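Participant: Pasting a structure below so you can have a look.
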Amino acid sequence: MAWIVRLVKIGADGEEPFADIMKINRPDDLGDIANLGLTVADAKRLLAGLQQEIVAAQAKDHAVRRPDCRSCGGVCHVKDYRDHAVATHFGQVTVRLPRFRCAGCGEIEAGIGWPSHCRSTPELDQLQAHFSALMPYRVAADVLKQVFPVDAGKDPETLRRHTLKIGEALRNEAVVRPETAAPAIDVTLDSTFIRSCEDGERHLEVRVGNVETESGSGGRQVFGAVAKSDTDIKVLIGRSLDAVGRTEDTVLTAFTDGCSGLRRILADTGVAEAPILDWFHIGMRLQHLKQITSGLSADDPARAAAKAVIVEEVERLHWRLWNGKAKDAQISIDRIGAVMYHFQGETGARKSIAPSRKLWTALHALDGYLSGQSDWLVNYAERHRAGLRVGTAITEGTANFLVNRRMDKSQQMRWSRRGANLLLQVRCAVYNGTLGSGFGQKFHPANDTHPQAAIAA
Ligand SMILES: [Zn+2]
């Protein structure tokens, strides 16, 4: 069987002569299910064909409009035609446009309103940036090539260049303020590291966070910037706060797990109260501790008893921290330490480190962490009961969510300061739904759950 796809233009004067876009041949034997419907190759050819026809018609209409001479205001005549190659997401097109010459003074004029250095459509640029924000440039280029009749997406380096350009442009975009003011906003700020390809630097520090209004009432925005890049994190936080409705009367509450540097940034952006230690980070450590504890061996009665004590104490430790009794955490840590000798000589499965040694390390790390952060721990249970946040609402942590998934150390990628920072701007815009119009995945109150680890002990 064969089909002809025919394009009919309806202009001001009614129907114009049609153009045949393509002939589609498909078998009528459905014994092979692969014969069902259009192939991807057909679809790509169809889209590319449609695009070329429509662009050609647009160019023809556009070319009829004659400019007046800029020098003398005289009448212009067509001098010659020039081809302009433009990449679109439905393939590369050639736009044939006239140049004009003034009949009076001989001045050359370009066509009306044609952008002189246009190589690609904004929609293609955005599509490439969107894909690049979610996956490595090479993969993004490949996916685009698989799905669209894209020529310009073939080369990862082109993709990278376009994406970074969009990242740069995002910085100057006006903030869209919501109609309703936010009485309270929670801000979280965190930092993580990525591998650096800059001279003399192994890692780059990346600051990330999000702002959220009270659940249900409105927006959430994520933000991020590489330290010492062209993006000022304080300006960025300010813009994010404005975007979810900050006014002079808004009460700001901050969460962070970090060094004094992050606390200073928060203070500089107008957070009056001392930041709270994000429960997410405590929860992660407790989860880790519980996992190790469950792996302890119980191969004799003494060890079984000791393990039971440890399991119970870890639960109690969780309860203490959740209920604002962090100063009693030491009691739990000491009790665990007191029965640890039962696990002397414990061996790990298949040459791995024995669980008791892992537990010892994790416990020490937690101890050090808590004593460093003790001023910032609060009664999380009380906040939770009052319907207040205890930490970041992005369950896996903003740093993981925004940075590690795309710029992960394990992927062996090395980043330039500028490249990482600008890509991060695009990534944030994708998640905030502010990249272009219509194809963001805006955060909704629906995924506004408390972190899994926050469920009270
Ligand atoms: Zn002229």
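Participant: Consider residue 378 against the criteria (1) β-branched (Val, Ile, Thr); (2) modelled with pLDDT of 80 or more; (3) exposed (fewer than 15 other Cβ atoms within 10 Å of the Cβ): it satisfies all of them except one. Which criterion is unmet?
Facilitator: (3)
Participant: Okay, next question. Is at least one residue of segment 99-112 among the small types (Gly, Ala, Ser), part of a loop (DSSP other than H, G, I, E, B) and either closer than 28 Å to residue 159 by Cβ or away from the ligand (no atom under 13 Å from the Cβ) (or both)? Working first, answer last.
Facilitator: Looking only at segment 99-112, we keep the residues that are among the small types (Gly, Ala, Ser), and these are 103-104, 106, 110-111.
With the extra rule that they be part of a loop (DSSP other than H, G, I, E, B), the set shrinks to 103-104, 106, 110-111.
Then drop every residue that is not either closer than 28 Å to residue 159 by Cβ or away from the ligand (no atom under 13 Å from the Cβ) (or both), which leaves 110-111.
Checked against the condition, which is being among the small types (Gly, Ala, Ser), part of a loop (DSSP other than H, G, I, E, B) and either closer than 28 Å to residue 159 by Cβ or away from the ligand (no atom under 13 Å from the Cβ) (or both), segment 99-112 yields at least one hit.
Participant: Hey, can you tell me all the residues within segment 244-295 that are more than 28 Å from residue 337 (Cβ to Cβ) and part of a helix (DSSP H, G or I)?
Facilitator: 260, 261, 262, 263, 264, 265, 266, 267, 268
Participant: How many residues does segment 404-429 contain that are at pLDDT below 90 and in contact with a Phe, Trp or Tyr (Cβ under 9 Å, 6 or more places away or on another chain)?
Facilitator: 2
Participant: Being without any contact (Cβ under 8 Å) to a residue 24 or more places away in the chain, under 24 Å from residue 223 (Cβ atoms) and outside any loop (DSSP other than H, G, I, E, B) is the filter here; which residues of segment 132-177 pass it?
Facilitator: Within segment 132-177, 140, 161, 169 meet the criteria.
Participant: Considering segment 309-334 alone, what residues qualify as being more than 28 Å from residue 385 (Cβ to Cβ) and surrounded by 14 or more Cβ atoms within 10 Å (Cβ to Cβ)? Steps first, please.
Facilitator: Of all residues in segment 309-334, those more than 28 Å from residue 385 (Cβ to Cβ) come to 309-310, 334.
Of everything in segment 309-334, those that are more than 28 Å from residue 385 (Cβ to Cβ) and surrounded by 14 or more Cβ atoms within 10 Å (Cβ to Cβ) turn out to be 309, 310.
Participant: Would you mind telling me which numbered condition in (1) over 30 Å from residue 277 (Cα atoms); (2) within 32 Å of the chain's Cα centre (by Cα); (3) among the basic types (Lys, Arg) residue 290 fails?
Facilitator: Checking residue 290 against (1) over 30 Å from residue 277 (Cα atoms); (2) within 32 Å of the chain's Cα centre (by Cα); (3) among the basic types (Lys, Arg), the one that fails is (1).
Participant: Could you please give the count of residues in segment 1-41 that are at pLDDT 90 or above, in a strand (DSSP E or B) and either of a type outside the set (Val, Ile, Thr) or closer than 18 Å to residue 55 by Cα (or both)?
Facilitator: 10
Participant: A follow-up question, please. For segment 61-82, which positions are within 30 Å of residue 10 (Cα to Cα) and either near the ligand (Cβ under 10 Å from one of its atoms) or without any contact (Cβ under 8 Å) to a residue 24 or more places away in the chain (or both)? It would help to see each step written out before you state the result.
Facilitator: To start, the set of residues in segment 61-82 that are within 30 Å of residue 10 (Cα to Cα) comprises 61-68, 76-82.
Passing the criteria: 61, 64, 68, 76, 78, 80, 81, 82.
Participant: Same structure again: Kindly list, by first and then second residue, each pair from a residue in segment 13-26 that is under 26 Å from residue 38 (Cβ atoms) to a residue that is of a type in the set (S, T, N, Q), limited to pairs with Cβ atoms under 9 Å and residues at least 6 apart or on different chains.
Facilitator: Filtered contacts from segment 13-26: 21/52; 26/35; 26/39.
The values are calculated or read from the model by the stated rules, or taken from the named source; none is laboratory data. Because the structure is predicted, anything quoted here is derived from the model rather than measured. Here the Cβ is made from the backbone with ideal geometry for all residues, glycine too, and neighbour counts use every protein chain on show.
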